[in-house]
2 protein chains.
Amino acid sequence: MSPKPTADRRTPTSDPQGVAQQLRLDNQLCFALYAATGLVTRAYRPLLEPLGLTYPQYLAMMALWEKAPRTVSDLGEALGLDSGTLTPLLKRMEAAGLVTRTRDRADERRVQIELTDKGRHLKDAAAGVPFALACALDMPGEEIASLRTALQDMARKLRGREE
Amino acid sequence: MSPKPTADRRTPTSDPQGVAQQLRLDNQLCFALYAATGLVTRAYRPLLEPLGLTYPQYLAMMALWEKAPRTVSDLGEALGLDSGTLTPLLKRMEAAGLVTRTRDRADERRVQIELTDKGRHLKDAAAGVPFALACALDMPGEEIASLRTALQDMARKLRGREE
DNA sequence: GACAATCATATTGTACACAATCTAATTGGT
DNA sequence: ACCAATTAGATTGTGTACAATATGATTGTC
C-alpha cells in the first residue's frame, strides 16, 4: 500500500512512469466507456424484456417512432449501424410483428421499414422506460444532460475523421 | 425550420410535450453512450489491427499487463465480462500465442491465464496506442479525464444496484 | 467419509456487430 | 440503346456478449 522508493513491484519493462500508467485500464476513457455501456445495457434488459425488445431493437424502435416509414440505410445512418447488423435485427422485429419490410416500387433496391399497429402501440408501453432508467442512474438531470452532450461532442469529432 | 405554433407536424399519439420528447433518440444518454462506444471501437480498429488484437482483446491484454497470472473469473471481474464471453476470447488469444491457459493444481476448477513472452512484448508495440487515440479524439486532456470520471461514477452507481 | 451446497469454468443457443463480398437496380455518359 | 459506375440490401464469416445449463471440484455438515 505504501508507495516507497524500494522497488518491490518489478516492472517487466523498464518504465518508471510512462507506458505502464498510460496502459492502465482505469486510466482509459475507452474502458470507462466500454464498461458503462455494458452496465447500461444490462440495466435496460429487465425493463425491455416485458416489451419483447432487446436494447438495439429498442433503439431501432425509437428511431422508427420518430420517423416511419424509412429505408434500411436511413435507419442505419440514424443508428450508426450497417446493413449486416440491421437486416437480421429487422427480420426478427418483423417476425415479432412490430414492423413490415417492403420493397420500394419506385426504386426496387430500397426496402422500406414501416411500423405495424402493434409496433406503434408499443410506444405507449415504452413510455415509462426512460424514467425508470433515470431512476436507476440516480444522477441529477443536469449531470445526465451534460454527460450526454460531452459524448455527442466526442462522437461528432470521431465521425468527422472517418468520412 | 420555423417552430411556428401551427401544428404542421402531426404527432401520432396525443402527446404535446411528454413521451414523444422523452423517447427521442437524441435526448437519450443511453444512445449517446451506445453511439460513442461504437465510434471509439471503430477508431481503435486500425490501431490494433497491426498488433493482431481486437478491441476487447486489447482490454484483456491491458488487464493482464497489470497483473498476471490471474484466473478467468478475476479477469472477468476486472473487465465486467462473464466466462461465456471470456472463454472463447482467451482461446483465440491462446491460439495467437499471447497467453497460456493452465488449470490450477491447487484448485482444479480454476484456469490460470498467463502471458507468454510474445504477449509481454506486445506491450511495447501497444505503447503508442493511447496517444494515437487521444489524437483522434482531439479533446483537451482535462476534458477527457472529466468525462472518464463521470462515466466511472455512473458505472459505480449501476454496479451498486445489481449485486 | 458420504453428501448436499457451493463454486469455477465450459458449453450451448440466441443476438448483435462489422468487413468483405455478392446481386440486382439505377444513373450517367456516349 | 448501351455500358460503366454507383447504390441498396443481403449474405457470409469472424468475433463478441450473455442467459441458461452442464460438469467437475471443493467445502461444510453431519
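Quick notes
- Within segment A:105-123, the residues that satisfy the criterion of being free of Cβ contacts under 8 Å to residues at least 40 places away in the same chain and more than 10 Å from chain B (Cβ to nearest Cβ) are A:ARG105, A:ALA106, A:ASP107, A:GLU108, A:ARG109, A:ARG110, A:THR116, A:ASP117, A:LYS118.
- Residue in segment B:124-143 that is more than 12 Å from DNA strand C (Cβ to nearest atom), at the interface with chain A (Cβ under 9 Å from one of its Cβ atoms), over 20 Å from the mean Cα position of the chain (by Cα) and modelled with pLDDT of 90 or more present: yes
- In the set (1) within 30 Å of A:LEU137 (Cβ to Cβ); (2) near DNA strand C (Cβ under 10 Å from one of its atoms); (3) at pLDDT 90 or above; (4) not charged (D, E, K, R), the condition left unmet by B:LEU90 is number (1).
- Selection from segment A:55-78 of residues that are under 20 Å from A:ARG109 (Cβ atoms) and within 8 Å of chain B (Cβ to nearest Cβ): A:ALA78
- Residue satisfying all of: in segment A:79-99; more than 16 Å from A:TYR58 (Cβ to Cβ) and within 14 Å of another protein chain (Cβ to nearest Cβ); nearest to DNA strand D (Cβ to nearest atom) among these: A:GLY84
- Filter result (within 12 Å of DNA strand C (Cβ to nearest atom) and either acidic (Asp, Glu) or in contact (Cβ under 8 Å) with a residue 40 or more places away in the chain (or both)) within segment B:94-104: B:GLU94, B:ASP104
The values are calculated or read from the model by the stated rules, or taken from the named source; none is laboratory data. Remember, predicted model here, so these are calculated numbers, not experimental data. In this analysis, Cβ positions are derived from the backbone assuming ideal geometry, glycine residues included, and neighbour counts consider all displayed protein chains.
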